[in-house]
Every structure is written in C-alpha cells, then in structure tokens.
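So the structure is just underneath, and the comments pick up after that.
None of the figures in this text is laboratory data; all of them are computed from the coordinates on show. Being a predicted model, the structure only gives us computed values, none of them experimental. Backbone-built Cβ (ideal geometry, glycine too); neighbour counts: all protein chains shown.
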Amino acid sequence: MSVIIRSGRSVFLENLSMETKKTVIIVPSQTESIKKVSSKILGSLKPYGVSAETLFDIRLCTEEAVRNAIVHGNLSDKNLLTTVSYWIEDGAIFIEVEDEGVGFDRGALPDPTTEDNLMKGSGRGVYLIDRLMDSARFNESGNKITMIKKLK
Amino acid sequence: MAVKFEEKFGLTVCHIEGEVDITSSPDIKKAFDKLISKKTPKIVINLSRVSYVDSSGLATLVEILKNMRTYGGKMRLANLSPKIKSLFEITKLEKLFEIMASEEEALSNF
C-alpha cells in the first residue's frame, strides 16, 4: 500500500508495504524545495536518536545534492522534477537524489581545495558530500546520486 | 537570519545570527556590499550564533573576502562552532581565512 501526501506541487509517497519503508519525495526544481526535502528527512530521523553532528552532515549533504539536481541538473526549470528517495537499512540512511537533466562527469569536477580553486565561488558541494557521507556514488550518466550515512 | 554591525576599538564587528546558506546568502552579501563600497578596512565576523553553513554560505564568505582584498581590506572570523570550523578544515578554506577562537582574540593586534 502506498500513501501519497501532496503539499503544494510536492508529492510525498510512502510505500508501507516494503519491509524497509521507502519514502519518495518529488519536488519541482526551485530552490524553495531544498529545505522541504531536508526537513522531511530529518523529521523522519527523530525516533532514531541520531547525534547532532550526524544530523548536520545528513542535512548538509541532502541540501547540496538537491541543490545540484535543481540548479545544475534541471537548470532550475520548474517543470522538471527532482526525485528524492530515502530509506533506513542496517543502521544507515540511504538517500537517492535524481534529476531529469543530462547528467555530468563526476571525474571532470575540479578539486576545490587546490590553491588555484580556493578563491572560487562554487564547486564545494560534491566535495563536501564525498567527505561527510560514508558513501556517495553517482550513476553512470551522473543524474542520480546515492548517499549512505551510518546513523550514530 | 540577522546581520548586525558594531564598531569596537575602531574596528567593525559583524554578528551573524542564524544560518549562512543558500537562503540567507543573498541578504548577507547585500549587507556586506555596503561596507565594501565604503572600503571598510578591517572586519571581524563573529559566528557564535551561526548554527549552519552550506557550500553557498562558504562561497559567500569567500566572495566577501575577495571583494575586501581588492582594496586591501582584511577580514577575520571568530567563534566558529567545532562543526562549522571542521567545514573550513575539510575544504581547506582555513588557509584562506584568519580563524580566531574568540572575538577578543580577533580584535587584538588586528
């Protein structure tokens, strides 16, 4: 059985039939959607007694991934959707963020920590995700990231 | 989010309260644009009441620093929470910014 919750143009779909409850959030590609997604995920973690530091990392990485999907993937086109799925398994949260864009080559992203790039105004989002999550992988085309963070 | 400025010992101290992120960054930039247009020589940013910073917030602080450097201005950051300080360490931005433990320390010999 699935439960669909609508909030404005956002859709929250909770699949209750699976052993591992998976929640899918579909939002329009506008920056207002970023906090909606992270609030929903952090709210779901309340019963798990997760440390403030881990919650900070999950919030930051979710917001960075959703922002990238909206701004770089879907080019802030409100008609394109960003889909976020998350579930808890083996004491960790799995978060997938997918956009409708053409994707990108993760390997081509410059290292923001080199001397030449330190002064740059962007390019730290994916780097922070890599460093703060226990695992972060893009699919082959680069329009979907799966992040894993142990709940502690 | 709120940004307040005060003068202390002839220096400008900025207190930011709330979150420094994609939502608040445009307002923070705007608040600093006024100081930068006046070529304020030295600014201490007290982050004791900042609970969250994202990559947009880091980028905003980098941009303010960059703009100040165009006229020889200097900036120090003070009172970062351990978590926010760790973001500066991870991104190596600690090499770019002068990060002080307290506002008093930031104001001395500046």
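With an 8 Å Cα cut-off and a minimum separation of 6 or more residues, compute the relative contact order for chain B in percent. Don't skip to the end; give the middle numbers.
Values: 170 pairs, mean separation 28.0, N = 110.
Once normalised by length, the contact order is 25 percent.
Could you work out which residue, out of A:Gly43, A:Gly107, A:Gly91, moves most in a Gaussian network model of chain A, that is, has the largest mean-square fluctuation with Cα springs under 10 Å?
Looking only at A:Gly43, A:Gly107, A:Gly91, the biggest GNM fluctuation is shown by A:Gly107.
Please list, by residue number, everything in region B:11-37 whose backbone N is under 19 Å from a paramagnetic label point 7 Å out along Cα→Cβ of B:Ser48.
Taking a point 7 Å out along Cα→Cβ of B:Ser48, the residues of region B:11-37 whose backbone N falls under 19 Å are B:11-20.
Given springs between every Cα pair under 10 Å in a Gaussian network model of chain A, which of A:Thr82, A:Thr54, A:Thr20 has the largest fluctuation?
Looking only at A:Thr82, A:Thr54, A:Thr20, the biggest GNM fluctuation is shown by A:Thr20.
Could you line up B:Lys92, A:Lys150 from fewest to most neighbouring Cβ atoms inside 10 Å? Numbers along the way, then the final one.
Values: B:Lys92 17, A:Lys150 13.
In order of increasing Cβ crowding within 10 Å: A:Lys150, B:Lys92.
Quick one: A:Tyr48, A:Tyr127, fewest Cβ neighbours within 10 Å first, how do they rank? List each step's numbers first, then the result.
Details: A:Tyr48 13, A:Tyr127 20.
The fewest-first ordering by Cβ neighbours comes to A:Tyr48, A:Tyr127.
If a helix is a whole DSSP H run, which ones in chain B reach 20 Å or further along their own axis (Cα) and hold a mean Kyte-Doolittle hydropathy of at least -0.5? Let's see the in-between values first.
Numbers: long enough: B:55-69 (21 Å, 0.38).
Membrane-span-like by this rule: B:55-69.
Note down the magnitude of the dipole of region B:3-73 about its Cα centre, charges +1 on Lys and Arg C-beta and -1 on Asp and Glu C-beta and zero elsewhere, to the nearest 20 debye.
Details: 11 positive and 9 negative charges, 88 e Å.
The dipole magnitude comes to about 420 debye.
So how do B:Ser56, A:Ser44, B:Ser108 line up by other beta-carbon neighbours within 10 Å, fewest first?
On the way: B:Ser56 23, A:Ser44 16, B:Ser108 10.
The most exposed by this proxy come first: B:Ser108, A:Ser44, B:Ser56.
If the cut-off is a Cα-Cα distance under 26 Å, which lysines reach A:Lys21, setting aside same-chain residues fewer than 8 apart in sequence?
Straight-line reach from A:Lys21, under 26 Å: A:Lys35, A:Lys36, A:Lys40, A:Lys46, A:Lys144, A:Lys149, A:Lys150, A:Lys152.
How do the peptides A:60-70, A:108-118, B:65-75 rank, highest first, by the average count of neighbouring beta carbon atoms within 10 Å per residue?
Values: A:60-70: 25.7, A:108-118: 12.5, B:65-75: 15.1.
In decreasing order of mean packing, A:60-70, A:108-118, B:65-75 become A:60-70, B:65-75, A:108-118.
Would you tell me the mean number of C-beta atoms belonging to other protein chains that fall within 10 Å of each C-beta in A:47-53, as a whole number? Don't skip to the end; give the middle numbers.
Details: counts 0, 0, 0, 0, 0, 2, 3.
Taking the mean over all residues of the peptide, I get 1.
Only Cα pairs under 8 Å and at least 6 apart count here; give the relative contact order of region A:25-152 as a rounded whole percent. Write down the numbers at each step before the final one.
Values: 212 pairs, mean separation 36.5, N = 128.
For region A:25-152, the relative contact order is 28 percent.
With charges only on Cβ, +1 for K and R and -1 for D and E, what is the dipole size of chain A about its Cα centre, in debye, rounded to 20?
Approximately 620 debye in magnitude.
Residues of region A:47-78 with amide nitrogen under 19 Å from the 7 Å Cα-to-Cβ point of A:Leu151?
Label zone hits: A:47-63.
For A:Ala52 and A:Thr114, what is the calculated FRET efficiency with R₀ set at 22 Å and r taken between the beta-carbons, to the nearest 0.05?
On the way: r = 31 Å, r/R0 = 1.42.
Between A:Ala52 and A:Thr114 the formula returns 0.10.
Place +1 on the Cβ of every Lys and Arg and -1 on the Cβ of every Asp and Glu in the protein assembly as shown, take the dipole about the Cα centre, and give the residue among A:Ser33, A:Val84, A:Leu128 whose Cα lies farthest towards its positive end.
Towards the positive end, the residue furthest out is A:Ser33.
In vacuo Debye scattering of the protein assembly as shown, one point per C-alpha: log10 I(q)/I(0) at q = 0.11 Å⁻¹?
Taking Cα atoms of the protein assembly as shown as identical point scatterers yields -0.65.
Please compute the modelled spin-label separation between A:Asn79 and A:Ser122, points set 7 Å along Cα→Cβ, answer in nm with one decimal.
Each label point is offset 7 Å from its Cα along the Cβ direction, giving 2.3 nm.
Would you mind estimating how fast chain A diffuses translationally, via Stokes-Einstein at 20 °C and 1.002 mPa s with the Kirkwood radius over Cα pairs, in µm²/s? List each step's numbers first, then the result.
Numbers: Rh = 15.9 Å.
For these conditions, the coefficient is 135 µm²/s.
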